[in-house]
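Below you'll find the structure, written out as structure tokens, and then a few comments.
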């Protein structure tokens with residue numbers, strides 16, 4: 001099988017082999033000069049970089065068929081890939097202990113390091129007063145240039161997302177279920 005865009009395929013491969021949250025991903029991404037070098041390495045090189053033998057063994061599987069399927073699905077469904085080495089990948093996110101090697105997204109990508117970012121989450125079963133207060137806070141912050149980040153859940157998250165959108169501001173919804181599912185379905189109007 002012929003593969004196109006090996007860079008993205010290698011990132012999908014890494015993300016699927018090590019799974020998000022695995023500390024080995026950051027170790028390897030900072031050790032190797034490129035994702036191509038990381039993919040081309042062997043178990044000995046992975047261990048020399050500082051990962052466990054268990055992870056090094058996993059990384060020996062160089063099969064890209066599944067990664068190619070994921071990439072084809074992303075292209076068909078207009079899902080973008082924001083890889084760790086992309087200049088738009090937030091520098092603040094790279095500073096956490098186990099940043100994801102790859103972010104999937106829909107919509108446009110902004111250079112987030114230029115903006116204040118405000119994470120706003122809360123209860124799913126909020127009062128009307130709580131909803132209004134969350135909306136007003138997000139609207140005001142977004143009006144002043146803050147990027148609002150929520151989990152897109154019902155309740156407070158929805159109020160904050162709606163406030164940011166009504167302020168015509170950049171808004172990010174971080175999904176716990178994956179980008180191919182809209183959850184909760186009640187928020188489908190906020191998703192697109």
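What follows is calculated from the coordinates using simple rules that are stated; it is not laboratory data. Fair warning: this is a prediction, and the values are worked out from it, not measured in the lab. So basically every Cβ, Gly included, is an ideal-geometry build from the backbone, and we count neighbours across all protein chains shown.
Descriptive notes on the structure:
- Region 6-105 - convex hull of alpha carbons, volume per residue in Å³: 89 Å³
- Mean projected area of the convex hull spanned by the Cα atoms of region 72-134, taken over all viewing directions: 6.7 nm².
- Cα-based helix-to-principal-axis angle, 6-18 vs the chain, degrees rounded to 10: 80 degrees
- 105, 144, 170 arranged by Cβ crowding within 10 Å, fewest neighbours leading: 144, 105, 170
- Helix 128-143 and the longest principal axis of the C-alpha atoms of the chain enclose an angle of approximately 70°.
- Every helix of 4 or more DSSP H residues in the chain counts as -39500 (n - 2.57), and over all residues that averages to -13000 deg cm²/dmol at 222 nm.
- Against the rule of thumb 2.2 N^0.38 Å, how large the Cα Rg of region 34-183 comes out: 1.29
- Each DSSP beta bridge with both residues in the chain is either parallel or antiparallel, and the antiparallel ones are about 40%.
- Angle between the chain longest axis and helix 156-166 axis [Cα atoms, degrees, rounded to 10]: 80 degrees
- Gap separating the Cα centres of region 58-80 and region 81-103, nearest whole Å: 18 Å
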